[in-house]
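Here the structure comes first, spelled out in structure tokens, and everything after it is commentary.
A short reminder: the numbers here are calculations on the coordinates, not readings from a lab. The shown structure was predicted, so the numbers you read here are calculated from the model rather than taken from an experiment.
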Amino acid sequence: MAEACVWKDVFSNDERIVLQRGYLITGLLSVICSFWLSVTLLFTNLRFDDSYHNLANFIVVACIRRIVPMFHHLPFVNYIETLYGFQIFSGELFAFVETFLAVFEVERLTHVCIERYVVSKYIANGWQIQKKHYYLFTCLCLFFSCLYSIPPLLGFGKYGHDFDCTSCTFDMVLPETWQRYFIITIFFLRSVKPAIVMVMMLLWARVLERKCPGCVRNQHITRSVSVITIVNLLCWTPIAVTRGYVVLSFLMHMEVPPLPSAIYITWALWIHW
């Protein structure tokens, strides 16, 4: 644990050990579930459906996003780092990769929701959905992932310790310069904007599907996407709200705010995995 970590008093050493073990267990469970869903879709006729193919891409991204940090917490990796006194992943590199993949996962799900509205709109107007839309969705996801994860590498904000003081993420301690507003904007665009877009797109898609007889057969896809979106938002919200509270507190008071209990933060970090 870094002694200079702002959050070093959030967890005791024993609580931090439990947190690290939980990372490995929850990460492994998430990878297994994501892999199982991917294989299930692959060996059904749904793999030829562009909408389900789009959803499967999100599941694959979610699986990859959990494999990278899970590898970082494997016992033999920690043993090698302790034995030879070096880090396989530097804090900044780990933070960049984890942030890029986390944003890509959120944006992938956001564009799955957008796709449901676009398909419903096209069917309602009697248009034929084009393959290029799905390539555009992927390109936009990559664009936003780079847009939100690269700035700290260029000096706009920085990567700093997360609440566990062993891994790094987008630094929640705001500088006293104009960059604080830039960082606030990134936090909003990363966390709040996607949730709003997901909900609005699914609501509009459901409205169109009820009005248009030709959209009836797509309703089961939209229902599946809605369930997946709700589950993911429930998993992402606790830690996102906590980080948002910390960032806004620094913006208003420029000091470390009182944090929720260690148990709450532990579970928020675990279910985010």
For all pairs of alpha-carbon atoms in the chain, what percent lies in each bin of width 5 Å, listed from the first bin to the last filled one?
-> 1, 5, 11, 16, 17, 15, 12, 9, 6, 4, 2, 1, 0, 0
Compute the Kirkwood hydrodynamic radius of segment 162-206, taking the inverse of the mean of 1/r over all pairs of distinct Cα atoms, and give it in Å to one decimal.
-> 12.7
Which whole-number percent is the relative contact order of the chain (Cα, under 8 Å, 6+ apart)?
-> 24
GNM on the chain, Cα springs under 10 Å; top mean-square fluctuation among Pro151, Pro194, Pro257 goes to Pro257
Expected max-MSF residue from Lys131, Lys158, Lys193 in the GNM of the chain (alpha carbon, under 10 Å) is Lys131
In the calculated pair distance distribution of segment 141-272, what percentage of Cα-Cα distances lie above 27 Å?
-> 33
Please work out the ratio of the alpha-carbon Rg of segment 118-181 to 2.2 N^0.38 Å and round it to two decimals.
-> 1.79
CD proxy, 222 nm, the chain: helix-only mean residue ellipticity via -39,500 (n - 2.57) per DSSP H run with n ≥ 4, per residue, nearest 500, stands at -24000 deg cm²/dmol
